[in-house]
Ligand SMILES: Cc1ncc(COP(=O)(O)O)c(C=O)c1O
């Protein structure tokens with residue numbers, strides 16, 4: 001018999017137990033000291049750490065090739081924790097219009113605290129070299145980006161960040177570690193909305209920050225512990241379950257997205273397709289260089305010439321679902337200007353390439369033919 005009541009005969013459960021405890025009984029002052037001094041990975045209070053969460057952190061760290069990982073309540077919590085940990089009054093954050101819309105809201109909060117922000121169009125990301133300022137402390141990007149799937153060269157951004165000793169943070173939500181490992185390409189930190197492909201089933205919200213050093217982990221952990229953005233154990237367990245099928249889902253989504261992009265690219269009612277897997281896409285060469293096993297499950301396209309046509313198309317779909325979020329088992333579509341970008345002023349939403357009739361699609365894991373037939377019939381009737 002072991003001392004562990006969960007495994008009295010040493011048999012390990014196949015699934016990490018959901019530890020819902022808020023607090024833990026101390027067995028001695030010596031153990032308390034070892035935990036609080038960080039000598040052992042023990043547990044005292046849920047806001048600090050939780051064994052179910054910790055297991056998933058290690059799993060995501062290994063997927064990203066990271067030293068460690070800090071998990072949080074949402075993807076936006078992860079991005080915000082990163083900004084709060086590494087930026088201070090007077091620092092410049094260099095970022096792109098092509099990041100998930102809620103980052104714009106966070107930027108308004110950062111500005112209140114004296115952070116200076118430079119916004120660039122990711123189509124012209126090489127403008128970074130003319131926009132680094134003396135006080136630039138961080139470059140933050142998404143590649144491929146939300147919602148137009150623009151591709152930025154991570155190794156190039158690393159070189160630019162190095163000119164100023166700045167950090168490079170990459171939101172890898174669209175690519176997922178199946179297709180891209182930014183830490184190997186020079187990023188300091190990788191941020192995720194684990195709500196998306198890592199979880200994969202529309203049933204949990206979580207964020208993750210994969211760290212390249214223990215020092216970064218300690219710093220981000222400090223912020224999480226201070227502000228209380230620790231994930232609950234039940235969501236962590238759902239995330240652990242999602243991760244078991246992550247690679248196979250990512251593979252199928254990417255296969256479906258490529259089939260759909262090729263199909264739409266030839267369709268007379270589609271005026272433009274945005275997908276780095278297409279050889280004609282401006283991001284194709286860079287994506288081939290830094291992505292593996294395909295180009296991911298996200299694409300976008302302009303339907304006809306007007307928003308009414310795009311709305312009609314979405315309403316005509318029978319299998320593909322009209323909803324936000326992405327990276328899950330079901331295929332989803334939305335009009336970014338009416339959904340994920342609502343956080344921005346209208347003129348800003350269309351200032352970097354997104355059109356009123358742009359549809360963003362997250363390919364699911366359905367049979368490709370079912371998706372192509374649905375798209376065909378929905379386009380026929382607009
Ligand atoms: C690329 C990207 N990053 C971050 C987020 C924010 O994630 P969450 O909704 O989990 O806060 C999203 C949400 O859609 C996203 O698409």
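Counting the residues of the range 19-42 that are surrounded by fewer than 17 Cβ atoms within 10 Å (Cβ to Cβ) and in contact with a strand residue (DSSP E or B) (Cβ under 9 Å, 6 or more places away or on another chain) gives 2.
Restricting to helices (runs of 4 or more DSSP H) lying wholly in the range 1-105: which have 1 or more residues that are closer than 30 Å to residue 144 by Cβ?
On the way: elements: 29-36, 51-64, 75-86.
Correct list: 51-64, 75-86.
For the range 96-120, the set of residues classified as under 17 Å from residue 350 (Cα atoms) and touching a strand residue (DSSP E or B) at 6+ places or on another chain (Cβ under 8 Å) consists of 96, 97, 98, 99, 100, 103, 119, 120, listed by residue number. Of the residues in the range 336-347, none is more than 16 Å from the ligand (Cβ to nearest atom) and surrounded by 16 or more Cβ atoms within 10 Å (Cβ to Cβ).
Within the range 43-58, the set of residues being touching a strand residue (DSSP E or B) at 6+ places or on another chain (Cβ under 8 Å), surrounded by fewer than 18 Cβ atoms within 10 Å (Cβ to Cβ) and touching a residue at least 60 places away in the same chain (Cβ under 8 Å) is empty. If you go through the range 88-118 and keep only what is within 16 Å of the ligand (Cβ to nearest atom), free of Cβ contacts under 8 Å to residues at least 40 places away in the same chain and closer than 24 Å to residue 186 by Cα, you end up with just 103.
Residue 296 - would you say it is under 20 Å from residue 200 (Cα atoms), assigned to a loop (DSSP other than H, G, I, E, B) and out of contact with any strand residue (DSSP E or B) (no Cβ under 7 Å at 6 or more places or on another chain)?
Details: under 20 Å from residue 200 (Cα atoms): yes; assigned to a loop (DSSP other than H, G, I, E, B): yes; out of contact with any strand residue (DSSP E or B) (no Cβ under 7 Å at 6 or more places or on another chain): yes.
Here the answer is yes, as residue 296 does meet what is asked.
Residue 126 versus (1) within 16 Å of the ligand (Cβ to nearest atom); (2) outside any loop (DSSP other than H, G, I, E, B): which is the lone unmet condition? So the condition that residue 126 fails would be (1).
Could you tell me whether the range 209-224 includes any residue that is within 11 Å of the ligand (Cβ to nearest atom), surrounded by 18 or more Cβ atoms within 10 Å (Cβ to Cβ), closer than 21 Å to residue 83 by Cα and touching a residue at least 40 places away in the same chain (Cβ under 8 Å)? No, because not a single residue in the range 209-224 is within 11 Å of the ligand (Cβ to nearest atom), surrounded by 18 or more Cβ atoms within 10 Å (Cβ to Cβ), closer than 21 Å to residue 83 by Cα and touching a residue at least 40 places away in the same chain (Cβ under 8 Å).
For first residues located in the range 158-169 and free of Cβ contacts under 8 Å to residues at least 40 places away in the same chain, partners that are assigned to a helix (DSSP H, G or I) and lie 6+ apart or on another chain with Cβ distances below 6 Å form the pairs 160/128; 160/129; 168/157; 168/158; 168/161. Residues of the range 59-82 that are crowded, with 20+ Cβ neighbours inside 10 Å and within 13 Å of the ligand (Cβ to nearest atom): 71, 72, 75, 76, 77, 78, 79, 80, 81, 82. Residues in the range 348-368 that are within 19 Å of residue 275 (Cβ to Cβ) and assigned to a helix (DSSP H, G or I): 1 in all. Checked against (1) more than 16 Å from the chain's Cα centre (by Cα); (2) part of a loop (DSSP other than H, G, I, E, B); (3) closer than 27 Å to residue 275 by Cα, residue 165 passes all but condition (3).
Every read-out reported here was derived from the displayed coordinates using simple, explicitly stated rules and does not represent laboratory data. As the structure is a prediction and not an experimental result, all values here were calculated from the model. Glycine gets a Cβ as well: all are built from the backbone with ideal geometry, and neighbour counts include every protein chain shown.
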